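Read-outs: derived from the displayed coordinates by stated rules, not from any lab. Values in this document were obtained by computation on a predicted structure and should not be read as measured data. Glycine also receives a Cβ, built like all others from the backbone with ideal geometry; neighbour counts cover every protein chain displayed.
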Amino acid sequence: MPRAHHPRRGSMQYWPRKRARRIYPRIKTWPKLDSAKLPAFLGYKAGMTHILLRDSRPTSNTKNQTISIPVTVIECPPLKISSIRFYKNTVDGLKLISEFFNQKTNKELLRKIKPSKKQNESKEFDILHAVIYSQPSLTGIGRKKPELFEINIPGKTNEEKVNFAKSLFEKDIKISEVFKEFQLVDVHAVSKGKGFQGPIKRFGVKTLSHKSEKTKRGVGCVGPWHPHKSNYRVPHAGQMGYHTRTEYNKLVTKISNDISKINPKSGFVRYGLIKSDYLLLKGSVPGSVKRPIIITEPARANKRSNQLQITYISQDSKQ
């Protein structure tokens, strides 16, 4: 009889599989850009649909043919800036040295922060971050309290960074001012939460025989007697889902504010109707409906984006 081969089914790509601290991700690494601009935007996942377009890839088997592509619909209401933060590189990491507040802030945002009336602006800094907050009240998700997150401001000089950040104080930031159609972006989101699960569902290990001594829905051996410890690679029960994940090089197929061309008659399932600007991304996106998703400039763009000719956007009900 040949030797039984049962490879591991659980991926070790992400470890440890710990629960995210909040419902929207924190970004620690930003792409390097030459000009001063906002490299990120926040939106709310509404659902999925499909589009028909003409395939313009020169080496594709379906060249010049009409193909169907699944897309994710993300509602992107305008963002506003709350303050700018000046950081200094030290031996202990980044250190906040001063902060310049925008005195015209949202009333709902004042529940989270208390802006200081003293404006402290520093000229000697290494990194400049803009504190951005969303406006979920402009959507139909039924939430008023905004999400607050930091965005790195790139630029060649410190003066260019500060002048660009201050120019955003008096206006709303729209998705069309940050990204363009048919470009590649990175998507940062928190995946769906599954709770505390066992090794069968969490890692897909094989169920043991009904004659097993201790358990059936578990692993047969967690490790040797000596040394008397178990390896971290052994599948154990624990948190499943609700992890911070990043998907690279997602294609932006459409950016628009014409809600009549995207809303189904009965609205999106468990979301409702879209009321502001929206974005269509090729493929799926981590997270559940109504979850905040942060879209950034590509950190490692390795593909060329093509101009697409969209001929049809499905508005059929998904219920």
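Annotations
- A straight Cα-to-Cα reach below 14 Å connects LYS156 with the aspartates and glutamates ASP34, ASP126, residues fewer than 8 places away in its own chain not being considered.
- Distance between the 7 Å Cα→Cβ label points at ARG3 and THR59: 3.9 nm.
- Computed label-point distance, nm, for sites ARG17 and LYS192 using a 7 Å Cα→Cβ extension: 1.5 nm
- Helix-derived mean residue ellipticity, 222 nm - over the chain, DSSP H n ≥ 4, -39500 (n - 2.57), to 500: -1000 deg cm²/dmol
- Note, ³J(HN,Hα) from phi for segment 36-48, Karplus 6.51, -1.76, 1.60, rounded to Hz, x at Gly and Pro: 7, 7, 7, x, 8, 8, 10, x, 10, 5, 9, x, 10
- Sequentially through segment 124-135, phi angles give Karplus couplings (6.51, -1.76, 1.60; θ = phi - 60°) of 9, 9, 9, 9, 10, 10, 9, 8, 10, 10, 8, 10 Hz, Gly and Pro residues having no value and appearing as x.
- Prolate/oblate/rounded call for the chain, Cα gyration tensor, a/c under 1.5 rounded: oblate
- FRET efficiency estimate (nearest 0.05) - Cβ-Cβ, GLN183 to SER230, R0 45 angstrom: 0.45
- When only alpha carbons are used to place a centre, segment 91-112 and segment 252-266 end up 34 Å from one another.
- The trypsin sites (Lys or Arg not before Pro) of segment 79-147 that meet both conditions, a loop assignment by DSSP and at most 14 other Cβ atoms within 10 Å of the site Cβ, are LYS104, LYS107, LYS112, LYS117, LYS118, LYS123, LYS144.
- Listed from fewest to most Cβ neighbours within 10 Å, the set LEU109, LEU96, LEU38, LEU79 follows the order LEU96, LEU109, LEU38, LEU79.
- Peptide packing for 165-173, 146-154 was compared via the average number of neighbouring C-beta atoms within 10 Å per residue; ordered from the highest value, the list is 146-154, 165-173.
- Each peptide in 232-244, 200-212, 279-291 receives the mean, over its residues, of other Cβ atoms within 10 Å, and ordering these scores from highest gives 279-291, 232-244, 200-212.
- Excluding same-chain neighbours fewer than eight residues apart, the lysines reachable from LYS192 by a Cα-Cα span under 21 Å are LYS18, LYS45, LYS201, LYS250, LYS282, LYS290, LYS318.
- Low-density loop cleavage sites - GluC sites (Glu not before Pro) in segment 22-129, where at most 11 other Cβ are within 10 Å (DSSP): GLU124
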